[in-house]
Every structure is written in C-alpha cells, then in structure tokens.
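For reference, the structure discussed in these notes is given below.
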Amino acid sequence: MKRITILTAIIIAMFAVNSFAQTVVKKSTSKTTVVKKTTTTSSAKVSAVTLEQGKQLLAKNDCLSCHKMDVKIVGPAYKDVAKKYPATAANYEMLTQKVIAGGSGNWGDVPMSAHPSVPPADIKKMVQYILSIK
Ligand code: HEC
C-alpha cells in the first residue's frame, strides 16, 4: 500500500512540474511577441541599425554645427523637422535631395550649405534618423 501511495505522489508531482514548465514556456513566448511588436512600430520600417548609423553620421559630418536636436541654432531643431514631416518614403527622398542641394525657403531666409560630396545613402540614413526623433 505504501509503495502505491508513494508512486501516486511521484506521478502527481511530475504532472505539477510539467504543467508549471508549460506555463513558463507560454509566458516567455508571449513576451517575445510583445517585444517584436514594439520594435516594428517604433522604428517605422527603418531598422534600429540604420537609425543608429544615421545618428552617428550626423556627428561625423558638419550637420551639428548648424543643427541641434531640440533648439534652433542656424538651422531648425531636428525635433521640429520631425514634427513638420511624417516619416514617409516620399519625405526621406525629398529631404535627402534638399540636404544634397542646400538652400533656403522652408524655415526662413538662411540657406543650408550644399552637401555634394556626402554619399546620398548616408544622407538618407541621417534624414531617416531625424524623422524618427519624437
Ligand atoms: C551651414 C549650416 C547648416 C549645415 C552645415 C547643415 N544644415 Fe541643415 N539646414 C540649415 C538651414 C538654415 C535650414 C533651413 C533651410 C530652409 O529654410 O529651407 C536647414 C534645413 C535642414 C533640413 C530640413 C529641410 C527642409 O526643407 O525643411 C534637414 C532635414 C537638414 N537641414 C538636415 C541637415 C543635415 C543632415 C546636415 C548635415 C549633412 C545639415 N542639415 C547641415 C543649415 C545647415
């Protein structure tokens, strides 16, 4: 009789451990889904790597001598640029061309210098980073 009781106890314990393990697995899977969702919405189809490269390129080029993130100096604050233009493919393209050519008119009479020697792909990454600033 004793043996049967011990066996039953072991079987019950095994069931308990098994269902506990399943709950843990379920919990961790739902966590991963949540993380994935946040990444897609916050980066608006631009990868986190590209955004980080864009941020570093701003510092490598002359951009930050005329622009700051949240206050206007010679050029508009990048936060204001991000407010004015939604992060769309058309705006990435339009602003990339504007940074290459330079010029004035959208924020006042002071012109931005032209950037003909900066690779357009680099400028696009910088623009994508700027429009991601909230
Ligand atoms: C000599 C100063 C100066 C430098 C250097 C400069 N900018 Fe500008 N930037 C300006 C000014 C001034 C404006 C506003 C132009 C206007 O009114 O259309 C501007 C506007 C912009 C805009 C908004 C354009 C628009 O049409 O609304 C973006 C984006 C931008 N700059 C990005 C950059 C990037 C990226 C760099 C570096 C590669 C850079 N700027 C370097 C002065 C500068």
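List of remarks:
- Filtered residues of the range 104-134 (kept if over 18 Å from the mean Cα position of the chain (by Cα) and part of a helix (DSSP H, G or I)): Pro120
- Complete set of residues in the range 49-80 that are of a type in the set (A, V, I, L, M), in contact (Cβ under 8 Å) with a residue 40 or more places away in the chain and closer than 11 Å to Met126 by Cβ: Leu51, Leu57, Leu58
- Residue within the range 84-103 that is assigned to a loop (DSSP other than H, G, I, E, B) and either in contact with a Lys or Arg (Cβ under 7 Å, 6 or more places away or on another chain) or within 11 Å of the ligand (Cβ to nearest atom) (or both) present: yes
- Residue within the range 60-68 that is more than 10 Å from the ligand (Cβ to nearest atom) and either outside the structural domain of Ala121 (by TED's automatic domain parsing) or in contact with a helix residue (DSSP H, G or I) (Cβ under 6 Å, 6 or more places away or on another chain) (or both) present: no
- Members of the range 104-119 found to be more than 9 Å from the ligand (Cβ to nearest atom) and surrounded by 12 or more Cβ atoms within 10 Å (Cβ to Cβ), listed by number: Ala114
The values are calculated or read from the model by the stated rules, or taken from the named source; none is laboratory data. Computed from a predicted structure; not experimentally measured. All Cβ positions, even for glycine, are placed from backbone atoms using ideal geometry, and neighbour counts span all protein chains on display.
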